[in-house]
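Scroll down for the structure; my scribbles are underneath it.
None of the figures in this text is laboratory data; all of them are computed from the coordinates on show. The structure displayed is predicted, hence computed values, not measured ones. Cβ placement follows ideal geometry from the backbone for every residue including glycine, while neighbour counts extend to all protein chains displayed.
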Amino acid sequence: MAGGPPASGGPVAGADEDAIVLWHVPLSRSMRVLWLLNELEVPFSLRVLDITSKDMRAAEYAAIHPVGRAPALQVDGSVIHESGAIIEYLCETRGRHLWRAPGAEGRLGWLDWLHFAETIGQHIANLTQSHLMLRDPSMRSATVMKLETARLGRTLRLVEQTVEGQDWLMAGGFSGVDCAIGWSVWTARRFVRLSPALEGYIDRCAERPAFRAALPGAGEPVLYDRDFYELPDA
Ligand SMILES: N[C@@H](CCC(=O)N[C@@H](CS)C(=O)NCC(=O)O)C(=O)O
């Protein structure tokens, strides 16, 4: 959103503007970025936010992310806010082996996967809201939850078709889009049962040391409190 909300395009007041800083809600979409930063082995600082507290709405954080979401990343003197844009920028500037540059073989497929992560992500967000944020069951719609679960499962078919035949999304091996889609599939498993091919894919993701280093540390607030959320009776 450079050129968009006021926090974009400028360094964070009082912070070393050369430093990479990630604002992160453990287990949320910002885990995509934390995982990638670990893969890249670049120095960075982590600011952990608790989504259930007032952290995200505090004036201090509004100066970083005017919409109060995670991730936010300070990098190269700017703050950027979309996990997909962050992944592309980090790969372009710090991990070209995990990128597909314009003109390179696989470029279109790489871009498609990067953005498809948010097609999956929107259903995860809706289900997270219904199962976790709407604590009073009378506020939930069982019909919408059922529909969102079916729609989430359907998005995963595209990933399944690909990882049935190869370990990673790109034929050339692990790349930045596995951080985007891998987190999405790994999180989707809290709401839908995965096929063996998808289980195999997230097992390969979860075996990576950089992924393990992106899991919540002891005492950090966690977004999800169980492995699987059953649908309520309609
Ligand atoms: N499309 C954005 C979505 C960011 C987003 O909505 N993050 C969630 C966590 S997964 C959040 O901060 N939610 C807090 C809220 O909605 O108030 C991205 O991929 O970075």
Correct response: the longest run of the chain lacking exposed trypsin sites (Lys or Arg not before Pro), defined by DSSP loop and at most 10 other Cβ within 10 Å, is 55-134
Under a Gaussian network model of the chain whose springs join Cα atoms within less than 10 Å, the largest fluctuation of A197, A101, A59 belongs to A59
Check: C-alpha center the range 28-60 vs C-alpha center the range 147-216, spacing in Å is 21
Among GluC sites (Glu not before Pro) in the range 124-198, those in a DSSP loop whose Cβ has at most 13 other Cβ atoms within 10 Å are E164
Per the charge dipole of the range 107-212 (beta-carbon charges, Lys/Arg positive, Asp/Glu negative, Cα centre), the residue among P137, L114, A150 reaching farthest to the positive end is P137
The size of the Cβ-based charge dipole (Lys, Arg +1; Asp, Glu -1) of the range 107-212 about the Cα centre, to the nearest 20 debye, is 340
Cα convex hull volume per residue for the chain, in Å³, equals 131
Taking only Cα atoms of the range 21-148, the Rg to Rh ratio with Kirkwood Rh works out at 1.02
Across the alpha-carbon set of the range 165-234, Rg over Rh with Rh taken as the Kirkwood radius works out to 1.01
Per GNM of the chain with C-alpha springs under 10 angstrom, the most fluctuating residue out of L198, L111, L152 is L111
About its Cα centre, the range 21-98 carries a charge dipole, from +1 on Lys and Arg Cβ atoms and -1 on Asp and Glu Cβ atoms, whose size in debye to the nearest 20 is 180
The range 124-139 and the range 90-118 have their Cα centres apart by a whole-number Å value of 33
Comparing G165, G109, G219 in a Gaussian network model of the chain (Cα, 10 Å), the one with the largest mean-square fluctuation is G219
If unit charges are put on Cβ atoms (+1 for Lys and Arg, -1 for Asp and Glu) and the dipole of the chain is taken about its Cα centre, the option from F44, T162, L127 lying farthest towards the positive end turns out to be L127
Expressed as a whole-number percentage, the relative contact order of the range 107-212 with C-alpha contacts under 8 angstrom and at least six residues apart is 32
Cα pairs beyond 18 Å in the range 66-113, in percent, come to 35
